[in-house]
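As structure tokens, the structure follows; a few thoughts come after it.
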Amino acid sequence: MFLRRAFFSLLFLSSFLLIDLSANEKVLIDYKNMALEADSSPDWLKDLFENEKTSKLRKKFNIAETDKILYAKAEDKNISMAEKTAKLYAMQNCKRKLLEESYTNIENIDTISLSGFIKVTDFWIREKDNSKEEIVTYYIIYKMSEEDWQKNKDNLINITEDTKTQDAQT
């Protein structure tokens, strides 16, 4: 009797779990280069965004070991909005890293201008969830040479020092 109840309880729970898991399932609709039968989830993309490893990306796109890799992703219903948002996130991430490395503090990072920010590639995936709503996930990758990185850091330090000098004079 106990085994029978345990079996039915387990059966009920497993069917409940299966239904619950499928509720979050997404269906792939389209992705970059789908018509060319390219992979919908390239290894270099998974390694970068899931494991923060850059070796496959560097090899595929011939990026020097000394170059900084800057990347971001964004989701939106519209591909152009997802792209714009991902670009913005990548720029902000770059500015934050530069601020951290230069030990400077600027209140509004939008005022910082960058040089040497070069787009390497992008990738997008269009999916539909159970609510039948389409979502585009847009990935974007940039690089910056070590030389440009250092120039940008020096510019930030100079901006901070100029601001301190101006504040001291007033």
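Being modelled with pLDDT of 90 or more, under 26 Å from residue 146 (Cα atoms) and touching a strand residue (DSSP E or B) at 6+ places or on another chain (Cβ under 7 Å) is true for just one of 90, 64. Which residue is that? Before you say what the answer is, go through the steps one by one.
Working: 64 fails: touching a strand residue (DSSP E or B) at 6+ places or on another chain (Cβ under 7 Å).
Being modelled with pLDDT of 90 or more, under 26 Å from residue 146 (Cα atoms) and touching a strand residue (DSSP E or B) at 6+ places or on another chain (Cβ under 7 Å) holds for just one of 90, 64, which is 90.
Could you run through segment 64-79 and say how many residues are surrounded by 18 or more Cβ atoms within 10 Å (Cβ to Cβ) and hydroxyl-bearing (Ser, Thr, Tyr)?
Here is the first cut: in segment 64-79, the residues surrounded by 18 or more Cβ atoms within 10 Å (Cβ to Cβ) are 67-68, 70-74.
Next cut, hydroxyl-bearing (Ser, Thr, Tyr) only: 71.
The qualifying residues number 1.
Based on this model, can you work out whether residue 85 counts as of a type in the set (S, T, N, Q), at pLDDT 90 or above and outside any strand (DSSP E or B)?
yes
What are the residues in segment 83-94 that are open to solvent by less than 20 Å² (accessible area, probe 1.4 Å) and closer than 14 Å to residue 152 by Cα, if any?
Kept after step one, since they are open to solvent by less than 20 Å² (accessible area, probe 1.4 Å), are these residues of segment 83-94: 86, 90, 94.
Once the filter is applied, which keeps residues that are open to solvent by less than 20 Å² (accessible area, probe 1.4 Å) and closer than 14 Å to residue 152 by Cα, segment 83-94 yields only 94.
Scan segment 128-153 for residues that are in a strand (DSSP E or B) and among the hydroxyl-bearing types (Ser, Thr, Tyr) and report the count. Don't jump to the end; show me each part of the working.
Taking segment 128-153 as the starting set, the residues that turn out to be in a strand (DSSP E or B) are 128, 134-144.
Narrowing further to those that are among the hydroxyl-bearing types (Ser, Thr, Tyr): 137-139, 142.
Here the count works out to 4.
Residues that are crowded, with 19+ Cβ neighbours inside 10 Å and of a type in the set (Lys, Arg): does segment 45-63 have at least one?
no
Only one of (1) open to solvent by 70 Å² or more (accessible area, probe 1.4 Å); (2) modelled with pLDDT under 90; (3) more than 17 Å from the chain's Cα centre (by Cα); (4) within 30 Å of residue 40 (Cβ to Cβ) fails for residue 108. Which number is that?
(4)
The values are calculated or read from the model by the stated rules, or taken from the named source; none is laboratory data. Quick caveat, the model's predicted, so the values are computed rather than measured. Cβ: placed from backbone, ideal geometry, glycine included. Neighbour counts: every protein chain shown. Areas reflect the complete protein model, heavy atoms only, side chains present, ligands, DNA and RNA absent. Shrake-Rupley method; radii C 1.70, N 1.55, O 1.52, S 1.80 Å.
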